[in-house]
Amino acid sequence: MIATVQLADLGPASTLRAIMRRPKPSDTPGLKGAEVAVFAPLALSGPPPIRRAGLIAFWDDDDAFDRFVDNDPISQRFSGGFQARLRPLRAHGSWPGLPADVPTSRAVQHDGPVVVLTLGRLRISQAVRFLRTSRPAERAAAAHDGMIWGSAAARPPFVATMSIWGDAQVTAAFAYGRQPPAHSDAISAQQRKDFHRQSAFIRFAPTRLEGSLGGSNPLVAAEIAT
């Protein structure tokens, strides 16, 4: 199993069109699950800019994703942007397409950068509480020296973050340490009363990174790989 993230800067109208339709496992061989969303920088205090669209998907293998890239019109919407292929290292929670046998241990042996996805289907009754809790955690992540790049994503009730970190150790230290406290406070708040109907927090090893993004939240694959 692999996960993929495809991102593209499309402008307002094309971004909205891109997130109107997501690929379905019943129509896409090898696809286990997929979400489309608007992506925007972390910790925004106002409405997100509607310029960047993204597709997060889970696949049987690389061959299934290659077929999708080569043949599916939905994938063509994201051509020319940034693309990541990811191998799961550890996970907490459940999500369509995420195998149940992915390790759950916080400590993972891995050399090199890691990609973290947080995925949730928000309970509308918890939206205000979720935003009040998530923004300080996002600000702490954006300010952390170990984070290479990060983004929030939303197509309610689906909400997510994607972040890229220098290594697994600094990722775990930020997620579960007490300094700064914002992220561990968010975990505690989630445990007291769940924000989501379903959620997953997944750490990945990137196996292939391609392309780049510009604008106010740039991303270059070559800079991550080095």
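Accessible area of region 48-181 with a 1.4 Å probe: how many percent of it is carbon plus sulfur?
Of all accessible area on region 48-181, carbon and sulfur atoms account for 53 percent.
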Which sequence of Thr161, Thr207 reflects their accessible areas, 1.4 Å probe, from the largest down?
Thr207, Thr161
Candidate values (1) 1.04; (2) 0.95; (3) 1.13, label of the one derived for Cα Rg over 2.2 N^0.38 Å
(2)
With x for Gly and Pro, the residue-by-residue ³J(HN,Hα) of region 42-52, computed from phi through the Karplus equation 6.51 cos²θ - 1.76 cosθ + 1.60 at θ = phi - 60° and given in whole Hz, is 5, 6, 5, 9, x, x, x, x, 9, 10, 10
Under a 1.4 angstrom probe, counting protein chains only, how are Met162, Met1, Met147, Met20 ranked by accessible area, largest first?
Met20, Met1, Met147, Met162
Dipole magnitude (debye, nearest 20) for region 1-146, charges at Cβ of Lys, Arg, Asp, Glu:
860 debye
Sort region 27-104 into rounded, prolate or oblate with this rule: let a ≥ b ≥ c be the square roots of the eigenvalues of the Cα gyration tensor; rounded if a/c is under 1.5, and if a/c is not under 1.5, prolate when a/b is larger than b/c, oblate otherwise.
oblate
Residue-wise HN-Hα coupling along region 77-83, computed from phi with Karplus coefficients 6.51, -1.76, 1.60 (Hz; x: Gly, Pro)
4, 9, 5, x, x, 10, 9
What are the ³J(HN,Hα) couplings of region 134-151, residue after residue, when phi is run through the Karplus curve with 6.51, -1.76, 1.60 and θ = phi - 60°? Round to Hz, x for glycine and proline.
6, 5, x, 5, 5, 4, 5, 5, 4, 8, 6, 5, x, 8, 7, 6, x, 8
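The values are calculated or read from the model by the stated rules, or taken from the named source; none is laboratory data. Since this is a predicted model, take the numbers as computed values, not measurements. All Cβ positions, even for glycine, are placed from backbone atoms using ideal geometry, and neighbour counts span all protein chains on display. Note: areas computed on protein heavy atoms with side chains; ligands, DNA, RNA excluded. Shrake-Rupley method; radii C 1.70, N 1.55, O 1.52, S 1.80 Å.
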